[in-house]
Structures are given as C-alpha cells and as structure tokens.
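Colleague: I have a structure here, written as structure tokens, and I will follow up with some questions on it.
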C-alpha cells in the first residue's frame, strides 16, 4: 500500500473540492454511490467493484452520460464493518446520492440498508449474499447481482453428496453473519437430503492462533469432508494445519475462500480445496470485453466480484436511463420489469430483489489456480 | 485415551504460544507495575521483521539454516530496539505520573504501532515462509504433533529455564528483583534503575520476537492485527497466573491453553472462550492476585 504524503492528500482534497463545486454549479449530474471495503483485511473483495463501476461510468460519460447527464461517482469506504457502514450510508445520503452500488459484505450491507430504505435510496450489491436481505421482504430498496447464500450452500452440499459421494460431513463456521448463515443452510440441506450425516457442527473463533483442537475433533469423528463457512484467513489456517497432520479430509468452502489470497497464503496446502464462486461467464462477449478493458486500464486481471459489480453498474445505469430519472419508485420498477444485458447474460430482478439467471459453480485449486470443476 | 493425548498436545502448543507472549507482560508489570499494551505489537513487529529479512535472504540464495538463524537474530534485535524505544519515549517520562497515565500511553503506543505497520506495509494477510522445517524423524508422529508444535514447545521450556536462571543467579537478575521490590531503595544501594528497566523491556521484547517468528511460521500468515488478538489472550494468561510472577505466566498460559483445547474437544469450540473466561473469573474470585501472584494493597 502506498504511503500518501499529507501534502498530496491536502492538494488532492482541494482539487476534489474545486472539481466538485464546478460540476455542482455547472450541469446537473446523476449521482451514483459506490460503498464497500476499500481498505482493511477485506479490501481485495471491495476494490474490484470500484474499478468495475468506474469503467462502466467512464464509458457512459464519454458517450455523453445518461440522457445527456454526466454521472458523478461518490466512493465511500466501509472497511466491511457494520458500525462504519452506517456512517458511510448516512454520508452518501447527506450528499444527495440515492443510487448506490454496494455494500460488499453482508454484515455491513445489513447495517446500512435501513438507512437507505428510510431515505428512499436504491441499493444494488454485487456481493452481499445473506439470504435475509432479500427473502425477509424488509428491504424493497435492495437488489443484488449475486446468488444468495442458500444457493451457494445448495451447490456445496449437492457437490459433496452427489459428485464427491461423501457420507460424513463436518460443518465448521467462523461465527460471523456470512459464515454461520452459510453453515446453517448447509446443515439444513444435508439433513433434508438424507444421504449424508453431519458428524460435527461448530463455530471457531476467528483470528485464533491455533485450530488444532477442533481439527483433532474432525479427525475423531472421521469426517470425509469439511464444509467451511467463512473467509480465507481462517480457511487457510484450518487447511494448513489439517494437511500438516496428514489428514486427507476434503475441504469444501465458499466464495469467501475463492480468492487468490487464499492460494497465496496456504501455498501447497491449498491444492485440492473446493470452493464455490459465481458461475464462469468467460464465454459472454460483454464479460470478455470488460475483462480485456480492465487488463488494458489497470494492467492486471480483475479481482473478486468484478463481473457482479459490472453487471450491477450496467443494470443500474440502464434502469436510470429507461426510467429517465433517479426517482426511487421509477428506477425500482424498471429494475424489476426490464431485462438488461450484463456480464451474466440477460437478467432482471424478481419481486424480492434477487437476479434471475445468476448462479454458483464449484471450483477446485489445481496447480495453484482455481479451476471450474462443475 | 489417544484423543485425550491429542487434545493435551494441542493445548500445550497453544499454552506455549501464550506463554512466550505472556512473559513480556508479566516481566514489565513485575518491575514497574505497568500493563504494557504495546507488547502484542512488538510481537507483531518481530514477525514482520522476520518476513522481510527471510525474504531478502532467500533472494540472495542463503542456505536454509543461515536464513533461519539470521532471521531470528534480526527479529530479536529489531523488536528489542522497538521495545526499548517505546519505553524511553512513552513510559519513562511518566514514571512518576499517576498510574493511569502510562496505561493510556501504552494503549496509544499499541494503536500507533498497529497503524504504522498497516500504512508502512499492508493491510492484507501475507504468507509467511515455513522457517520451521518438517523434520524427517517426526514423520511417524506427524498426525499427532507437528514439527512446529514441537519446536514451539521446546523453545518455551528452554526460555522458561534460562529466564529463571537469569533472575535467580545473575547480578542483573538480582538487580531486577531489587528494582521490583523497591525502586528508591534499589537506587540507594547503587542500582541503575533506568538501565535495569531498559534491560527488562529488551528481554521481554526479545521473547516476543521469538514468539512472533515461531507462531507466524506455525500458522503461515501474518497481518498488522495479529499482535492484538494474541496479546489479549496472553495478557489473560498472565493475569490468571498472577501478573508480575514469571512461573505464574507459565502456569496461567498452561491452564488457559489446556482449558481451551479440552473445551473444544469435549464440548464445542463455540464455547471455547466461555470456558476460558469463566475459569478466569472463578480463579480471580478465590485468588484475586492470580494463582501465583502476591496480593498487596494498592491504590489504582
């Protein structure tokens, strides 16, 4: 991470302020907020979204904006923390932003949503997968371009039972909103299937120095596979310690683990680990174009949730254009009724806010890379 | 029975990890009655130094054992320098201030060091090279106890023995004990109290650095926040055993580590912290100064 000299920071603030006021006094703009983790542990999940939205918006602005109005972005960091996310939301609202792409983590999204709802702001998350966000019906202002956790747990369980044919499964989670939610769905689906047995269901303390006790327990119950709900720092500790104890137990996890940092940290021990992630859409021409452009602009491959964020940005800008306003009701209705071509093919949103046509696939680490296996 | 032994060994690894860090807390408390909250950060800086040095040495193609030796040495020197400097900057000017002032200063140092590493390095988790090799002779036992567990355990025992000898039988140790009993009196009999306190910080930091290298190598990843979590647990262990007492730090770590391990093994890891901290409360009810701590009347 670059160190920013205070003087540059100061100059850039002045610069930002002057450009802001110019545009404010000049023509009217379409304000779009981008909120998520842009620093901290989980920045690698949030930054690709910023890039994706910037790319979509720059292209539109170059073409003259939406219905003649330029798009202005408001990028706010929530470090993936619920208590910061509420501030982020309030700040965006107070700047007059009512169209938001974000947040990244489920916990942060959940904390921020009531504020957006009360202020009548549309929120499209590229990555918040907690089922309640849509299924509870509490947030008519919420949409997402990713499948929810239960869809993810469904993929994990089906893969474990039908493809890997495991009989005894240990379900482990990190006690967080995301990890525990996923683990509970996995538990439910395994019980319903009646084809495998849950030998262990436990939460581990994140950031602990050592997980060998729980690993001994997995071994004792002779689990064929571990389904882990959580993020990569804990997953890599678990996998490393399991493999060092010469256990061959299969490890199946979620898109919190399907991140290149996991492979970098766990190294050779990451080999063979399964993780679910958004379906491979590399055949889609929009996706190909977006990825190529990202390589050209940033000189590297796009990171986590890039395609989801790209789809969210396309869906939102399209809806604003179709509705010809940033009115809450008009844009909401357009999102629900109009199809839009995205990186995931043609999608639209159902009454609850989930996108139809976006699912999960299973990946496996092979030779230091995630390869799609189903 | 096998399961019991496995859990016991897991608990021992945890205990050793806690003990290496808890020692620094307890030594500093013993000598100047200050809870050095920046200690966890010294541990973290030790780990980061090790990562940087080992990476550089590996690039220049040094042999494995040279890398390990130089890395540990560099981490110890660098961490000790930090520990010593923190004492000189943040605690020494407050030596005669009310007791709360150095405590707040310590918390400030902790936050400062965390954010300094965050900005100077990165917020991401970084992979840490395996500085503890997988020993051939351990292969038959690898399913029960790993090479790194063994090294951590042996290091902790060695450190415990050396430290006890140092404090019991050397001039410096004698001076440390005198300083901890009565600073003014120690000065009167010609002990350079400031020097002794400096040495205490250096020893504590060196132990934290050794802990940092071993533990980072054991879990294979580090980031700027590892010191905080490990520090809190180690501090708990130190309090449990009686803060200020060196055997107490070991005993406290042992009890904390084993409780966590058995609670996970026989009940559920969901309740690991519940058991550990219930035990802490129970022990403090019956022995307010910790298991081996000396109770004394003090105004806080």
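Colleague: Among B:160, B:44, B:187, determine the one that fluctuates most according to a GNM of chain B built with springs between C-alpha atoms less than 10 Å apart.
Modeller: Highest fluctuation among the options: B:187.
Colleague: Can you pull the three principal axis extents for the Cα set of the range A:229-374, in Å, largest first?
Modeller: Cα extents, longest axis first: 60, 35, 24 Å.
Colleague: A further question follows. May I ask you to list the residues of the range A:190-219 whose amide nitrogen lies under 19 Å from a point 7 Å from Cα along the Cα→beta-carbon direction of residue B:8?
Modeller: A:212-217
Colleague: Let me know the Rg and Dmax you get for the range A:224-280 when you use only its Cα atoms, in Å.
Modeller: 10.3, 34
Colleague: What's the angle, to the nearest 10 degrees (0 to 90), between helix A:177-193's Cα axis and the longest principal axis of chain A?
Modeller: 50
Colleague: Now for a separate question. Give me the angle, in degrees from 0 to 90, between the Cα long axis of helix A:82-94 and the longest principal axis of the Cα atoms of chain A, rounded to the nearest 10.
Modeller: That works out to roughly 20 degrees.
Colleague: Also, quick follow-up: Can you give me the pair-distance distribution of the range A:84-229, C-alpha pairs, 5 Å bins, whole percents?
Modeller: Calculated P(r), rounded to whole percents: 2, 10, 17, 17, 14, 12, 10, 8, 6, 3, 1, 0.
Colleague: Still on this model: Say each of residue A:296 and residue B:232 gets a label point 7 Å from the Cα, pointing the same way as Cα to Cβ; how far apart are those two points in nm?
Modeller: Going from the residue A:296 label point to the residue B:232 one covers 4.8 nm.
Colleague: Next up: Å³ per residue of the Cα convex hull, for chain B?
Modeller: Each residue corresponds to 145 Å³ of Cα convex hull volume.
Colleague: With a Förster radius of 51 Å, plug the Cβ-Cβ distance of residue A:271 and residue B:107 into 1/(1 + (r/R0)^6) and report the FRET value to the nearest 0.05.
Modeller: Once the sixth-power term is evaluated, E becomes 0.75.
Colleague: Out of B:120, B:186, B:38, any idea which swings most in a Gaussian network model of chain B, alpha carbons joined below 10 Å?
Modeller: Highest fluctuation among the options: B:120.
Colleague: Over all directions, average the projected area of the Cα convex hull of chain A and note it in nm².
Modeller: For the Cα atoms of chain A, the hull's average projected area reads 18.8 nm².
Colleague: From the P(r) of the range B:92-188, can you give the percent of Cα pairs sitting at distances over 21 Å?
Modeller: 68
Colleague: Apply 1/(1 + (r/R0)^6) to the Cβ-Cβ distance of residue B:170 and residue A:220, taking R0 = 45 Å, and write down the FRET efficiency to the nearest 0.05.
Modeller: 0.45
Colleague: Between residue B:85 and residue A:371, what FRET efficiency follows from the Cβ-Cβ distance if R0 is 51 Å, with the result rounded to 0.05?
Modeller: 0.55
Colleague: Also: Using Cα springs under 10 Å in a Gaussian network model of chain A, which residue among A:124, A:198, A:104 shows the largest mean-square fluctuation?
Modeller: Checking each option, the largest mean-square fluctuation is seen for A:198.
Colleague: Could you check the simple spin-label distance between residue B:52 and residue B:139, using points 7 Å along Cα→Cβ, in nm with one decimal?
Modeller: Between residue B:52 and residue B:139, the label points sit 3.9 nm apart.
Colleague: Just the Cα atoms of the range B:145-248, one point each, no solvent: what log10 I(q)/I(0) does Debye give at q = 0.16, 0.19, 0.22 Å⁻¹?
Modeller: For the range B:145-248, the Cα-only Debye profile gives -0.85, -1.09, -1.29.
Colleague: Sort A:209, A:297 so the one with the fewest other Cβ atoms within 10 Å of its own Cβ comes first.
Modeller: If I rank by nearby Cβ atoms, fewest first, I get A:297, A:209.
Colleague: List the residues of the range A:344-366 whose backbone N lies under 20 Å from a point placed 7 Å from the Cα of residue A:195 along the Cα-to-Cβ direction.
Modeller: Residues A:360-364 qualify, since their backbone N sits under 20 Å from the label point.
Colleague: Report the convex hull volume per residue for the range A:33-120, counting only C-alpha atoms, in Å³.
Modeller: Per residue, the Cα convex hull of the range A:33-120 comes to 79 Å³.
Colleague: Cα-based Rg (one decimal) and Dmax (whole number) for the range B:205-287, in Å?
Modeller: According to the Cα coordinates of the range B:205-287, Rg and Dmax are 13.7, 39 Å.
Colleague: So what's the range A:150-272 giving for Rg/Rh, alpha carbon basis, Kirkwood Rh from the mean inverse pair distance?
Modeller: We get a ratio of 0.92 for the range A:150-272.
Colleague: Per 0.36 nm of contour for each residue apart, how much would the distance between residue B:271 and residue B:59 grow if the chain were fully extended, relative to their Cα-Cα spacing?
Modeller: Gain in length upon complete extension: 71.9 nm.
Colleague: Follow-up question, since we're still on this one. What number do you get for the range B:1-104 when its Cα radius of gyration is normalised by 2.2 N^0.38 Å, N = residues?
Modeller: The value comes to 1.40.
Colleague: Now a separate question. Can you work out D for the protein assembly as shown in µm² s⁻¹ from Stokes-Einstein, where Rh is the Kirkwood radius over C-alpha pairs, the temperature is 25 °C and the viscosity is 0.890 mPa s?
Modeller: Calculated translational D: 91 µm²/s.
Colleague: To test your reading of the geometry: what angle, between 0 and 90 degrees and rounded to tens, separates the Cα axis of helix A:6-25 from the longest principal axis of chain A?
Modeller: 50
Colleague: Next question, about the same structure. How many nm separate the modelled label positions at residue A:280 and residue B:285, each set 7 Å beyond the Cα in the direction of the Cβ?
Modeller: Distance between label points: 6.0 nm.
Here, each number is a calculation from the coordinates, and none is a lab measurement. Just so you know, these numbers come straight off a predicted model, no measurement behind them. We place every Cβ from the backbone using ideal geometry, glycine too, and count neighbours over all the protein chains shown.
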